[in-house]
Structures are given as C-alpha cells and as structure tokens.
1. Hey, among the residues in the stretch 327-370 that are out of contact with any Ser or Thr (no Cβ under 8 Å at 6 or more places or on another chain) and among the hydrophobic types (A, V, I, L, M, F, W, C), which one's nearest to residue 80 (Cα to Cα)?
2. For residue 55, only one of the following conditions fails: (1) surrounded by 18 or more Cβ atoms within 10 Å (Cβ to Cβ); (2) hydrophobic (A, V, I, L, M, F, W, C); (3) not in a helix (DSSP H, G or I). What is its number?
3. Modelled with pLDDT of 90 or more, touching a Pro at 6+ places or on another chain (Cβ under 9 Å), under 23 Å from residue 161 (Cα atoms) and in a helix (DSSP H, G or I) - does that describe any residue in the stretch 242-252?
4. Mind telling me which of the residues 160, 166 ends up being surrounded by 24 or more Cβ atoms within 10 Å (Cβ to Cβ), among the hydrophobic types (A, V, I, L, M, F, W, C) and closer than 23 Å to residue 370 by Cα?
5. Only one residue in 44, 19, 14 is at pLDDT 85 or above and of a type outside the set (Asp, Glu), so which one is that?
6. Which one is modelled with the lowest pLDDT among residues in the stretch 102-137 that are assigned to a helix (DSSP H, G or I) and aromatic (Phe, Trp, Tyr)?
7. Can you confirm whether residue 208 is over 20 Å from the mean Cα position of the chain (by Cα), in a helix (DSSP H, G or I), surrounded by 21 or more Cβ atoms within 10 Å (Cβ to Cβ) and modelled with pLDDT of 85 or more?
Amino acid sequence: MNYLPTLPIDITPLMAFGLMLIIGAVGGYVAHRISWLPSITGFLLVGFICGPNGIGLLGQETIIKSQILIDIALALILYRLGLSLDIKILWRSQRLLFTSLVESSATFGLVFFVLYLFGMPTPVAVLVAAITISSSPAVLLHVAHEVGAKGVVTESTKTLVALNNLISFVAFSATLPALHYSTGSDWVTIILQPVYQLTGSLLLGCALAFGLHMIIVRTQQAAQYKLALVIGTVMVAVGLAHELKLSMLFAPLVIGVVIKNLERETVVSDLEFGAPFELFFIVLFVFAGARLHLRELIEFAPAVLVLVLARSLAKMLGTTATFALFKEPLRAGMSSGMLLIPMAGLAIGLVQTSGNLFPQHATTVTAIVLGAVAIFETIGPPIAAYAFRVAGESAGMNSGGMNEDSDNAVKADAL
C-alpha cells in the first residue's frame, strides 16, 4: 500500500515553522496575561518546554533541519537593524561611535579577564569575549514595538546595537588568525580565511545593496513590490553567503547599512514590514528556547554567571560613563546600557561559525555562550521594558532621555 504515509511522520522545516508559530502564539498569550512579562520570555519558555530538553515536540533533528528558517529570520532582523546606522549622523556626531567603542572595549576586556581567571584557555577566552560584544537587535526592536517606545534614546540605542554587532563581527574575525595559529593551521589559512570571510561578506552585502537600490529607483512607481524586492534580496544574500562560506549574518547587516546611506530620499529605508514581520520574531525566540540546554548551563554555571555580570556591568558603565563625559542625562546613559544587555542572534551565529572552524573548542565555547544567551534572553526583555520606562519613552510617557529641540536636530546631535 504505497499510497499510505510512512509512520511516524517526519516534521519538515515547513511543519516546524507552523509549529513554532502556534507554540509561540500560546506562549505570547500566556505572557500577555501577566502584565509585567514581555512576550519574548513567553516565546522562550514554551520553546524550551517543547524542545529536546522538554517534551520533545521540536526534536534535535527538527531544529537542525529548520536552521535555514532561523537564518532568514535573523537576516531580516539584522537588515532592519542596519537601516538604523546612518553614517551621516555618525559623521556629524561622532559621540555615538565613541560610546560604542568604549563600551565594546570594556566588554571585551572585562569578559576576557573573568574567563581567564576561571582558567579558560586563552583562545576560548578571546573568542567568547569577541562574541559577547554583540547585542540582540531582536529584543530591542520587539520590546520597543511592544511598549510603543519612541524617542532619542530608543533611536540612538538602535544605532549602538548595530555598531555593537559590526564591532563584534570585526573583533571575531580579528581573533581568527590567533586561533588558527593555536590549532596548528597553515599560514595560508591563518591569513586568508578571516580576510576572505570579512571582506567577502562586506563585498557581497554591498553588491546586493547597490543592485537593490538600482532596481527600486527604477521601479518607484510600483511601490507595492518594494517589500518583495527587499525580502528577496535578503534571502539571496543568505543563500549566496551559505554557498560561498561567508557570514549569513554580516552580509544582511551590510545591506541595511548601505541602503540607508545610499538613499537621498527615503524610498526603502522607511519601508514598513508590517504585522507579518512579527512572525519572524516568534519563530526566532521559540527556536532559541528549544535550543537551551540545562546540562550545559549547570556545568559551566559559575563561569557563565560571572560572564553575565561582567558583560552587563561593562555595557552599563561604558555607556553611562561616556554619557556623563558628554554631559548627557544619567538616566539616558543607564537606559541605553540596559538596552545593550540582551544578547542572542549574532552570538548564536558566531558560535556556529566558530564550531565549524575550531571543533576542538566547540563544546566549551558553545556551552559558555549559549549558557549566557539563556540568561540574557530570559532577563533581557524585562530589563529592556524597564529601560524604556527609565528613559521615559514608553507609550504614554514623555520622552525625557535627552535634549529635544527638534526631531532632526536631536537625531543629528544625539549622544
């Protein structure tokens, strides 16, 4: 009876996408019933319950097969974040860049120091420190949308998150030669592999961004196709990056940055993805919850807890100190620092990349970073919601984060 299905039925990526949406919707509803709990925490919780360490509805094989869906979700989120990085504003007000460099350096230095004290091998400590510079754009964007946050601190922190992820990727690439050397790689690999990944991803993102810009400029009258062109370009970037062994995370971020800075008129950068874009947030965080491993978290718990404290302290002190240096309100610096604490998407992607390049360090790096991600993704949404209230930029509150003479002037002079 060849016409009957083979049992048990395999959960395909398409089925997994649907299951994650349904599971996430249930988690979001539960979170909605608890007024102080952000929906992302609900997504993570139900993802963990239904994952391999829970009831197993989303098994390990299903998670592996569904990775491409997560890559696309992350790529779209990073593309959207790249749109917040306006080079013209950075050029006019370099305090944003200075703030990011200070807190990124503080994060790298403090995380490396505490891991070194815990006896971690130097290559592992350096790699993890570079990864932990990154911040989660998904938490920032989703919680900002959820609480209706608008204002100078919100917009400037989007730029800081984008800069964090750029700096993290560059720092990660810069550490690769030392790691290749420590594992006995040949000199060609030591020199060329990091250069290829960084420059290749940059060139791929730039090329696709220029192509997208040219097509959209020539088809402005058919505005209904802009969203299809953007999503199509980002998906092509993910596919090409995968085939060319480039970064599927960095290339979409570059596309967003280049598009934002190419446009003389807001043709694409102000394009609203609409309510369906929330589906990618749901899938991403249900997936992240399903990937949480309690065993790894328990095994490296002391190092992970100290890393979480060190990274949070570095982000908070770095931004607060630079804000104070430029005589900005203390609560603006504190709230921006809190909004940089969540960590997920890029960190997970860089862990996967490092695992492929250095399998001998994969277990330790994965355990430490994913253990930290588990904590940051649990505490991150409530902290972000609180930070928006501290800044006075949640819906229904007056924006009190920074000086506001006019919208354009503030954006140019923020930080």
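1. For the stretch 327-370, the residue satisfying everything is 348.
2. For residue 55, the exception is condition (1).
3. no
4. Going through 160, 166 in turn, the sole match is 160.
5. 19
6. Across the stretch 102-137, the extreme among qualifying residues is 116.
7. Yes; evaluated as a whole, the condition is true for this residue.
Yes or no, residue by residue, for (1) at pLDDT 90 or above; (2) more than 25 Å from residue 48 (Cβ to Cβ); (3) charged (D, E, K, R); (4) in contact with a Phe, Trp or Tyr (Cβ under 6 Å, 6 or more places away or on another chain):
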residue: 306; (1), (2), (3), (4): yes, no, no, no
residue: 312; (1), (2), (3), (4): yes, no, no, no
residue: 318; (1), (2), (3), (4): yes, yes, no, no
residue: 330; (1), (2), (3), (4): no, yes, no, no
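The values are calculated or read from the model by the stated rules, or taken from the named source; none is laboratory data. Computed from a prediction, not measured in an experiment: that's the story for all the values here. Glycine gets a Cβ as well: all are built from the backbone with ideal geometry, and neighbour counts include every protein chain shown.
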